[in-house]
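The values are calculated or read from the model by the stated rules, or taken from the named source; none is laboratory data. Since we're looking at a predicted model, the values are computed, not measured. Because the Cβ atoms are built from the backbone with ideal geometry, glycine has one as well, and the counts that use them run over all protein chains shown.
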């Protein structure tokens with residue numbers, strides 16, 4: 001139950017309820033079933049640590065009189081959980097049912113009848129044990145998931161005691177007297193152990209990161225924006241899923257558009273990544289001034305016939321090498337507005353608008369302006385999952401250039417457009433892709449990893465489909 005709760009709560013889960021969420025997802029019954037397999041081992045380990053106190057009492061036997069007994073050193077040696085079911089409790093959380101469980105317990109017995117004392121050891125087998133519990137799921141003020149014990153009951157079926165050592169006529173006198181106290185002690189301790197396990201899970205959930213810094217410019221908010229929505233089929237949560245400037249949370253001039261994941265249940269986990277998630281990143285990097293780069297000749301591949309100097313540009317702008325013969329140049333590329341991503345079935349499109357300011361690098365290292373251009377482009381993209389991160393790559397699609405201002409007289413922009421196209425292809429796009437390959441971390445927890453995740457692009461969002469392994 002510990003593991004299933006952790007699995008269900010740390011996922012970015014898709015909700016059909018329309019809330020302002022940039023990341024959504026869904027955990028299915030298949031995910032819960034896998035969690036049950038792992039969770040039973042966790043629960044078994046927890047219950048085997050259960051401490052059962054010593055039992056003392058007096059049992060009256062006709063003719064013989066009172067028999068004083070003590071049972072001590074009670075330990076659970078084996079706990080078998082052959083039948084268990086984990087499901088969802090609509091509107092509340094996760095329910096766990098265990099039936100026909102078996103327990104093997106060992107301990108020591110001591111008996112006093114009049115002036116006679118005796119002792120030995122015993123084995124106790126318990127069968128027909130049932131446990132039913134419900135883990136309530138909510139969220140706290142920090143946007144982290146929170147849990148509570150929404151109900152627990154247990155019942156002990158049959159008991160069978162085998163004694164070792166001592167005189168059989170003595171322990172046979174109090175055998176029947178032990179059944180009630182042992183049954184009571186087991187029933188009294190099982191649900192408190194579930195409480196302990198839930199308390200441990202609550203401590204784990206408080207350590208879940210609700211934000212992650214990506215670089216000096218950006219961090220991501222993963223906090224819950226609404227209470228979990230739980231049906232008998234799925235557990236759904238909505239997460240903020242938004243980029244912010246480090247240390248300064250400024251909202252972009254748009255909000256998440258609602259989107260839904262319908263009819264998805266074959267995999268354990270579905271994660272929906274909206275256009276808003278990606279575009280909030282563009283807003284952060286644009287407003288922080290990160291979307292700009294200076295290109296100089298040493299950044300151009302050596303095999304390129306086009307160089308960043310006045311001689312190469314002289315073929316397009318004859319006036320340039322006359323004023324500045326054989327001098328190096330620099331291009332300053334910067335975004336004019338934030339890039340905007342659009343998700344359409346099977347494709348990603350990115351629209352970007354920027355400027356290119358050209359300068360001659362004078363011998364005293366100052367810059368002489370040459371021209372200013374405006375660039376408008378569309379870029380097609382791909383997205384993939386690698387090492388628990390969402391990553392991507394871009395390829396230049398359409399590209400147009402218009403002249404805004406020239407300090408060296410009129411010239412034909414068409415030829416320059418070709419040169420800039422190759423500069424973008426050879427330098428800018430590879431640098432952007434190197435950043436995208438680093439990826440952005442998905443919400444996770446220690447020891448949990450995604451297994452064979454796939455990504456598909458739908459209208460307005462990307463869908464990550466995956467199983468998980470603990």
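Of all residues in segment 44-69, count the ones that are closer than 17 Å to residue 123 by Cβ and outside any loop (DSSP other than H, G, I, E, B).
The qualifying residues number 3.
Answer yes if at least one residue in segment 102-117 is within 14 Å of residue 194 (Cβ to Cβ) and in a strand (DSSP E or B), and no otherwise. Spell out the reasoning first.
Taking segment 102-117 first, the residues within 14 Å of residue 194 (Cβ to Cβ) are none.
No, segment 102-117 has no match at all.
For segment 273-390, which helices (runs of 4 or more DSSP H) that fit wholly inside it have 2 or more residues that are assigned by TED's automatic domain parsing to the domain that holds residue 430, over 32 Å from the mean Cα position of the chain (by Cα) and on the phi < 0 side of the Ramachandran plot?
On the way: elements: 275-287, 310-314, 319-323.
It comes to 310-314, 319-323.
Considering only residues that are under 30 Å from residue 438 (Cβ atoms), out of contact with any strand residue (DSSP E or B) (no Cβ under 8 Å at 6 or more places or on another chain) and in a helix (DSSP H, G or I), which ones fall in segment 161-215? So that I can check it myself, show each step before the final result.
As a first pass, look at segment 161-215 and keep what is under 30 Å from residue 438 (Cβ atoms): 204-215.
From what is left, the residues that are out of contact with any strand residue (DSSP E or B) (no Cβ under 8 Å at 6 or more places or on another chain) are 204, 206-207, 209, 215.
204 - this is the single residue of segment 161-215 that is under 30 Å from residue 438 (Cβ atoms), out of contact with any strand residue (DSSP E or B) (no Cβ under 8 Å at 6 or more places or on another chain) and in a helix (DSSP H, G or I).
Out of 225, 147, report the one residue that is under 29 Å from residue 30 (Cβ atoms), touching a residue at least 40 places away in the same chain (Cβ under 8 Å) and not assigned by TED's automatic domain parsing to the domain that holds residue 438. Walk me through how you get there before you give the answer.
Numbers: 225 fails: not assigned by TED's automatic domain parsing to the domain that holds residue 438.
Matching residue, one of 225, 147: 147.
Being part of a strand (DSSP E or B) and more than 14 Å from residue 92 (Cβ to Cβ) is the filter here, so list the residues in segment 146-160 that pass it. It would help to see each step written out before you state the result.
Of segment 146-160, the ones part of a strand (DSSP E or B) are 146-155, 158-160.
Matches in segment 146-160: 153, 154, 155, 158, 159, 160.
Of everything in segment 397-431, what is in contact (Cβ under 8 Å) with a residue 40 or more places away in the chain and assigned to a loop (DSSP other than H, G, I, E, B)? Give them in sequence order.
408, 409, 411, 412, listed by residue number.
Looking at segment 45-54, which of its residues are free of Cβ contacts under 8 Å to residues at least 60 places away in the same chain and crowded, with 16+ Cβ neighbours inside 10 Å?
Answer for segment 45-54, where residues must be free of Cβ contacts under 8 Å to residues at least 60 places away in the same chain and crowded, with 16+ Cβ neighbours inside 10 Å: there is none.
Can you confirm whether residue 395 is within 30 Å of residue 260 (Cβ to Cβ) and touching a strand residue (DSSP E or B) at 6+ places or on another chain (Cβ under 9 Å)? Can you show your working first?
Values: within 30 Å of residue 260 (Cβ to Cβ): yes; touching a strand residue (DSSP E or B) at 6+ places or on another chain (Cβ under 9 Å): yes.
Answer is yes for this residue.
What is the residue count in segment 216-253 for residues that are in a loop (DSSP other than H, G, I, E, B) and farther than 15 Å from residue 23 by Cβ? Full working, then the answer.
Just the residues of segment 216-253 that are in a loop (DSSP other than H, G, I, E, B), to begin with: 216-217, 222-223, 225-228, 231-234, 240-241, 246-247, 249-253.
Pick out the ones that are also farther than 15 Å from residue 23 by Cβ and you get 216-217, 227, 231-234, 246-247, 249-253.
Count: 14.
Here is a check on your reading of the model: is residue 410 at pLDDT 85 or above, closer than 18 Å to residue 304 by Cβ and assigned by TED's automatic domain parsing to the domain that holds residue 452?
Working: at pLDDT 85 or above: yes; closer than 18 Å to residue 304 by Cβ: no; assigned by TED's automatic domain parsing to the domain that holds residue 452: yes.
In short, no.
Taking segment 55-65 as the search range and keeping residues that are at pLDDT 85 or above and surrounded by fewer than 14 Cβ atoms within 10 Å (Cβ to Cβ), which one is nearest to residue 119 (Cα to Cα)?
So in segment 55-65, the residues at pLDDT 85 or above come out as 55-58.
Subsequent filtering for residues that are surrounded by fewer than 14 Cβ atoms within 10 Å (Cβ to Cβ) retains 56, 58.
Working: 56: 13, 58: 15 Å.
Restricting to residues being at pLDDT 85 or above and surrounded by fewer than 14 Cβ atoms within 10 Å (Cβ to Cβ), the top hit is 56.
Of everything in segment 357-387, what is under 23 Å from residue 284 (Cβ atoms) and surrounded by 18 or more Cβ atoms within 10 Å (Cβ to Cβ)? Give them in sequence order.
Matches in segment 357-387: 375, 377, 379, 381, 383, 385.
How many of the residues in segment 79-92 are in a strand (DSSP E or B) and in contact with a helix residue (DSSP H, G or I) (Cβ under 8 Å, 6 or more places away or on another chain)? Even if it seems obvious, please write down each step before you answer.
Residues of segment 79-92 in a strand (DSSP E or B): 79-80, 83-89.
Those left that are additionally in contact with a helix residue (DSSP H, G or I) (Cβ under 8 Å, 6 or more places away or on another chain): 79, 84-88.
So the answer is 6.
For residue 295, are the conditions met, namely being under 30 Å from residue 327 (Cα atoms), surrounded by 15 or more Cβ atoms within 10 Å (Cβ to Cβ) and touching a residue at least 24 places away in the same chain (Cβ under 8 Å)?
So residue 295 passes the test.
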